[in-house]
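Here is the structure we will look at, set down as C-alpha cells.
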Amino acid sequence: MHKLAVFRSPIFTSFLTLGWLVVFFSVMSAPSDPKNAVFLGYSLERIVLGAGFLLLFLSLLVLTLHLLRRPEHSQRFWLVLFHEHKTSRITFWVVFFVFVACWILLFIPSYRLTGVVAGYISRVYPALIWLAVVGAVMMLILILERKRESLQSILLKDRTALWSALVVLAIFSAIGILMTVTGLGIRHWEDYWYGAGVPVLVSQVLFAASLGALALWIENTRKIKNERRLDVFICLAVWLVTAWLWAREPLASNYFFPSAGNNAIYPYSDSATFDIGSQFALIGQGLFNGQYFDRVLYSAFLTYLHVFIGQDTEGVMAAQAVVFAVFPVITYLLGRELHSRAFGLSVAGLLSLRGLNAIVAARWIDTASPKMMLTDFPAAIGVSLLVLFFVKWLKDPSRLSLAMWAGGMLGLTLMLRTHVFLLAPLLILFIVVPVIRMNWDHRIAGSLVLVAGMLAATTPWDIRNQKNGVPMFYIYYSRIQLILQERYGIQDDAHVPSSITADAVQKIRASLVPQDVKEYASPIPLQIDNCDSRICSLFNHFVHNLYTSVLFFPSSFTFDGVWNTVKEGEPFWQQNWLGEGASTNGKVFLGFSLVLVSLGIGAAWRRNKLIGILPVGIFLAYGASNALAFTSGGRYIVPVDWIVAFYFMLGIFQLGYWLLRWGNVVPAVDLPGDDATALPPRPFQYSKVFASFLLILFIGSLVPLAEMPFEMRYQTTSQNDIVAMLEEHGWLEQAQIAPAELTEFLSDPQSRILMGRVLYPRYFIAGVGESKRIYPYQPLDYARLAFILIGPFGSGTENVVIAGLNPNFSLHANDVVVIGCREDQFLDALVVISLEPAYVYHRFPPSELACPPPAP
C-alpha cells in the first residue's frame, strides 16, 4: 500500500502533463489566419499561446520525472496538496473558483461578449475545457482524501430531511404523471390562463449560492459579537443594493405601460384602473370617486407617491421600486428565521435579481414587477411579511404582538389581493393543530389576536364605506360575491355597491383574453375530451398554478440573458403554450429543480418541523384561491411563487452542505430541530399587543386619510357655469367660439361640455391604437388625440377622442374643458381648452359646433 502511495503524485502530474500536451496540439492544429501569419503560418498570438502551453507541458513533465526519482518528495507533495489542513483547504477553494470561472467562460454565449473577447475565448477553448476537468478531478480527490465519514453516514444523520424530500418528490412525480395522463394544467386552455413566472438565470443562481457560501464562511471563521447590529447592516445593505438595481432599470414599454410613437409612458388597463382611483383623490373627489373598491390599498399608496413625486410616471415607478426593495430584506429575515443568516442572504440575493428580471421581462411576458401599477407584487410583500410574523410567533407563542402583526399583514394584503382571505383558515388551522407545541391559552389568544389584527387593518376603510351605504365588513366577501356571480353564475339579492370602475374592469378582463388563443389547437391528443365543467376547470387552474410556479428555473447551463431565455429558450412563457415543444434539456433541468425544491422542503421540515413548511401551505392555499377564481399562471402567481425560489435555494444549501461536509471542508454541525428552537412559555405582554393594535389601526387609517387633504378641484359643474367661466376668463374668445353659438350647441341632447383633469393622453396615427376593445385607445381610421377625463360629472370618467394633429406638449394632468358630442363609447371632441397652461386644441380638419361632427 505504501509503495502504491508513492506513485500517486507522479500519476496525478502525468495526468496533468498529458492533458496539457493535448491542449497544445489542439490549439496549434486549429486553422490560422494567413493575414497575420509571422512564422510557419501562425500568428504572433498563436505562437505565444502555444509556447505557453508547451512550457507548461515541459514543466509538468520535469516535475513528474523528479517525483518518480524522489519518492520522499512525491509523498510530501501529495500530503501538502491534499491532506495538510491549511494548504488543502486553500487548494480546494482555488480549484473550485477555477472550475466555476472556466464553467462560466465555456457556457457564456458569444452574443454577451465583445468580438475581441469572444475571439480570445475561442482560441483558448481547449485550455478552458481542460482546466474545468482538472478542477473537477482535484475537488473529487480532495473530498475522497479528506473525508472523515462516508456520504452514507452523512445522509443517515440527516435522514429526516432526506426521507421528507423523497416524499415530496414522490408527490411531485404523482402530479407530473397526472398532468401527463390527463392533460390537466397543461393542455386544457382556459380563460385567465398565463405562462410561467419571471425567469431566474444560471448566473444569478450561481451568484446567490456564492453569496450565501461567502456569508457562511465569514460567519464560521469570525465570531460575531453583535448579531442584531449585523442583521441591521445586512438588511440596510440588501435594501440599498436592491433599490439601486430596481430604480435605475428603465421603465420598459409593456402591455400595462404602452408607448406608441412619441407618446410618454402612461398606465393602461388594470394599471390605469388603480392609478385613476388615486387621481380622483388628488382632485378632491375621494379614492375611486368616493365609491367602494376592495383592492384600495395600492391606490392609496399611489396617492401618496403622486403627492411627493408628481405626475411623472417613470419617477413615480422609480420611487415605488425603492419602497418595494424591502421585499428581499423580508425574505432575508424569513430565511434567517427558518435556517441561517447565510441562507437568508442567499435567497435575498436571488429574489433581488429576479425582481430586476421582472422589470426587464415585463415587455415580453405577463407578469407584475416592482415597476408596474399592479397589486400582485405588493401582495408578495404582504404575504412575505405575514409569513415572517406568523413564523416568529409560532416559535415564541408568548409574544402575542407578533400574532397581531401577522393578522395586520393579512388584513392589509387583503386590500391588495382578496385571494389572501383563504389564508386565514389555514393560519387558524396551524394554530389549533396539535403538532405545534403550544398551550391552549396561547392557541385561543393567538387566534383572537390574529383576527383582531386583520380587523384593525381593514376597519378604517370599512367605516368610510359604511358612510356611503356599503355594509360593514363588505370587503371580506364582496370579491367572493362578484366571482360567484361572474364565474359561477350564482345570483343573489345581496348588496352590490356601485363602482365607477365596474365597466372598465369588465372591459379590462375581456381584453386580456386574446380571441385567437381560444381557438388554439393542441397537437397533443387529449386524454380528457373536454374540461368544460366548473370542477374540472377548478382543478385545471390549480394544477396550472402549481406547474407554472416551478418553470422559471434555469433550463440549461448556458448563461443566457432574460430576452434569450424568454424568446429563444423553452416555450414556458408563451400564453398559449399547451405543453408541447419543451426540449429534453429543459425537462431534465426541470426535474433537477424539483429535486432541489423537494430537498429544500425536507431540510425545512428537518429543522423546524411543521413551522418549516408553513410557506408551502401558504403557497398551496393561495394557488387554490386563484383556482377558485379560475385564474392561473403569469402575474396571478407573483404573490407566492417566490416561496418556490425560497425552497429551491434551501435545497442548494442542503446539497452543498452535504458535499462540503463529505469533503471535510466544513465542520459537522448538528442542525437544531424543532425541539431546540421552541421557547418556553412566558407571560403575555398585553401592553405590546395593544400598542401593535393601535399602530396597525393607524396604518389602516392611512387608506381613507389619503383622500382627506384634498379639496374639490372643480367647483363648477353645470353647463351654464362652465360657459360663464370660459367667457369670463377669455377662453371662448381664444377658442374663437361665440357664447351664443356655444349655448345653441349645448341645447342638443348629444352635446357635452365637461371640465376635469386629463389623464394619459396618447396620439395615434390612422389605424393605430392600443387595443381592439378598450376605449378611448382602440384603433380608429383617422389620426387623433385620445385621453381619459376625470371630474365631477356622471360616473366621474369620460373617454375622449379628438381628431387632429399631434400637440407639441403633453396635456397629462392638465385642467381642461372639453366640448364635443357623445358617441356610443367615447366623447368625440370638437375643442379641448387647457386652462393652465392656456392652450386651445381644435379638431382637425375644422368643423362647426354641431352633433354629430363630420367624419375626419
Exercise for review: Tell me which of these SER401 doesn't satisfy, since it passes every other one: (1) open to solvent by 10 Å² or more (accessible area, probe 1.4 Å); (2) within 30 Å of GLU249 (Cβ to Cβ).
Suggested key: (2)
Revision key, fill the gap. Checking LEU830, LEU789 in turn, the sole residue that is under 22 Å from ASP312 (Cβ atoms) and in contact with a strand residue (DSSP E or B) (Cβ under 6 Å, 6 or more places away or on another chain) turns out to be LEU789
Review point. If the Cβ limit is 6 Å and pairs must be 6+ apart or interchain, which residue in segment 341-359 that is over 24 Å from MET317 (Cα atoms) and in contact (Cβ under 8 Å) with a residue 60 or more places away in the chain pairs with which residue that is open to solvent by 10 Å² or more (accessible area, probe 1.4 Å) and of a type in the set (A, V, I, L, M, F, W, C)?
Key: ALA342/ALA215; ALA342/LEU216; PHE343/PHE653; LEU345/LEU211; LEU345/ALA215; SER346/LEU211
Practice item. With the condition kept exactly as written, say whether any residue in segment 185-197 is open to solvent by 20 Å² or more (accessible area, probe 1.4 Å) and over 24 Å from the mean Cα position of the chain (by Cα). Key: yes
Check your understanding: Out of curiosity, is ILE722 aliphatic (A, V, I, L, M) and over 30 Å from TYR255 (Cβ atoms)?
Key -> yes
Practice item. Have a look at ILE613, ILE601 and point out the one that is open to solvent by less than 30 Å² (accessible area, probe 1.4 Å), of a type in the set (A, V, I, L, M) and under 30 Å from LEU427 (Cα atoms). Key: ILE601
Check your understanding: Got at least one residue in segment 328-340 being closer than 18 Å to ARG635 by Cα, modelled with pLDDT of 95 or more and among the hydroxyl-bearing types (Ser, Thr, Tyr)?
Key -> no
Study note, to complete from the structure: Selection over segment 289-313 where residues are among the hydrophobic types (A, V, I, L, M, F, W, C), open to solvent by 10 Å² or more (accessible area, probe 1.4 Å), in contact (Cβ under 8 Å) with a residue 12 or more places away in the chain and touching a helix residue (DSSP H, G or I) at 6+ places or on another chain (Cβ under 7 Å) yields a count of 3
Review point. For segment 584-598, how many residues are among the polar types (S, T, N, Q) and open to solvent by 40 Å² or more (accessible area, probe 1.4 Å)?
Key: 2
Review point. For LEU178, which of the numbered conditions (1) open to solvent by less than 50 Å² (accessible area, probe 1.4 Å); (2) closer than 30 Å to THR631 by Cα; (3) out of contact with any Ser or Thr (no Cβ under 7 Å at 6 or more places or on another chain) fails to hold?
Key: (1)
Exercise for review: Being in a helix (DSSP H, G or I), touching a Phe, Trp or Tyr at 6+ places or on another chain (Cβ under 8 Å) and closer than 30 Å to ALA627 by Cβ is the filter here, so list the residues in segment 419-448 that pass it.
Suggested key: HIS419, VAL420, PHE421, LEU422, LEU423, LEU427, PHE430, GLY446
Practice item. Pick out, from segment 104-217, the helices (runs of 4 or more DSSP H) lying fully within it that include 3 or more residues that are among the hydroxyl-bearing types (Ser, Thr, Tyr) and out of contact with any Asp or Glu (no Cβ under 7 Å at 6 or more places or on another chain). Key: 159-182
**Study point:** Candidate set: segment 258-275, residues that are touching a residue at least 60 places away in the same chain (Cβ under 8 Å) and small (Gly, Ala, Ser); chosen: the one most open to solvent (accessible area, probe 1.4 Å)
**Key:** GLY261
Study note, to complete from the structure: ALA445 meets each of (1) among the small types (Gly, Ala, Ser); (2) at pLDDT 90 or above; (3) closer than 17 Å to ALA691 by Cβ with one exception, condition (2)
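Residue by residue, here is whether (1) among the β-branched types (Val, Ile, Thr); (2) within 29 Å of ALA209 (Cα to Cα) holds:
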{"position": "VAL48", "(1), (2)": "yes, no"}
{"position": "ALA51", "(1), (2)": "no, no"}
{"position": "SER74", "(1), (2)": "no, no"}
{"position": "THR87", "(1), (2)": "yes, yes"}
{"position": "TRP93", "(1), (2)": "no, yes"}
{"position": "VAL98", "(1), (2)": "yes, yes"}
{"position": "PRO109", "(1), (2)": "no, yes"}
{"position": "ARG112", "(1), (2)": "no, yes"}
{"position": "ARG123", "(1), (2)": "no, no"}
**Study point:** Failed item, numbered, when GLY769 is tested on (1) out of contact with any Asp or Glu (no Cβ under 7 Å at 6 or more places or on another chain); (2) loosely packed, with under 15 Cβ neighbours inside 10 Å
**Key:** (2)
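Provide a single number: the residues in segment 168-185 that are in contact (Cβ under 8 Å) with a residue 60 or more places away in the chain and of a type in the set (Val, Ile, Thr).
So the count comes out to 4.
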**Study point:** Residue pairs meeting the criteria (Cβ under 6 Å; at least 6 apart or on separate chains; first closer than 30 Å to ARG341 by Cα, in segment 237-257; second part of a loop (DSSP other than H, G, I, E, B))
**Key:** TRP239/ALA325; THR242/ALA325; ALA243/ALA325; TRP246/ALA325; TRP246/PRO370
Point to revise | Residues being part of a helix (DSSP H, G or I) and touching a residue at least 60 places away in the same chain (Cβ under 8 Å) - total across segment 729-738 | key: 2
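Residues are listed down the side, and each one gets a yes or a no for (1) among the hydrophobic types (A, V, I, L, M, F, W, C); (2) open to solvent by 30 Å² or more (accessible area, probe 1.4 Å); (3) assigned to a strand (DSSP E or B):
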residue	(1), (2), (3)
ALA740	yes, yes, no
PHE745	yes, no, no
PRO761	no, no, yes
ILE802	yes, no, yes
VAL818	yes, no, yes
GLU848	no, yes, no
Point to revise | Test: residue in segment 17-28 that is of a type in the set (Val, Ile, Thr), surrounded by fewer than 15 Cβ atoms within 10 Å (Cβ to Cβ) and at pLDDT below 80 | key: no
Check your understanding: Among the residues of segment 126-143, is any modelled with pLDDT under 85 and touching a Gly at 6+ places or on another chain (Cβ under 7 Å)?
Key -> yes
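So in segment 338-355, with the set limited to residues that are small (Gly, Ala, Ser) and over 19 Å from the mean Cα position of the chain (by Cα), which one is nearest to ASN608 (Cα to Cα)?
SER340
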Practice item. Run GLN685 past the list (1) under 27 Å from ASP396 (Cα atoms); (2) open to solvent by 60 Å² or more (accessible area, probe 1.4 Å); (3) at pLDDT 85 or above and report the number of the one that doesn't hold. Key: (3)
Check your understanding: What number goes with the only condition from (1) modelled with pLDDT of 90 or more; (2) assigned to a loop (DSSP other than H, G, I, E, B); (3) surrounded by 12 or more Cβ atoms within 10 Å (Cβ to Cβ) that ALA691 does not pass?
Key -> (2)
Review point. How about segment 387-435: which of its residues are closer than 14 Å to LEU450 by Cβ, among the β-branched types (Val, Ile, Thr) and in contact with a Leu (Cβ under 9 Å, 6 or more places away or on another chain)?
Key: VAL387, VAL391, THR413, VAL420, ILE428, ILE431
Practice item. Please state which of the following conditions TRP642 fails to meet, knowing it meets all the rest: (1) within 30 Å of GLN481 (Cα to Cα); (2) open to solvent by 10 Å² or more (accessible area, probe 1.4 Å); (3) in contact (Cβ under 8 Å) with a residue 40 or more places away in the chain; (4) out of contact with any Asp or Glu (no Cβ under 8 Å at 6 or more places or on another chain). Key: (2)
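The values are calculated or read from the model by the stated rules, or taken from the named source; none is laboratory data. On a predicted model such as this, the values are computed, not experimentally measured, just so you know. Because the Cβ atoms are built from the backbone with ideal geometry, glycine has one as well, and the counts that use them run over all protein chains shown. What goes into the accessible areas is simple: the full protein's heavy atoms, side chains included, and nothing from ligands, DNA or RNA. Shrake-Rupley method; radii C 1.70, N 1.55, O 1.52, S 1.80 Å.
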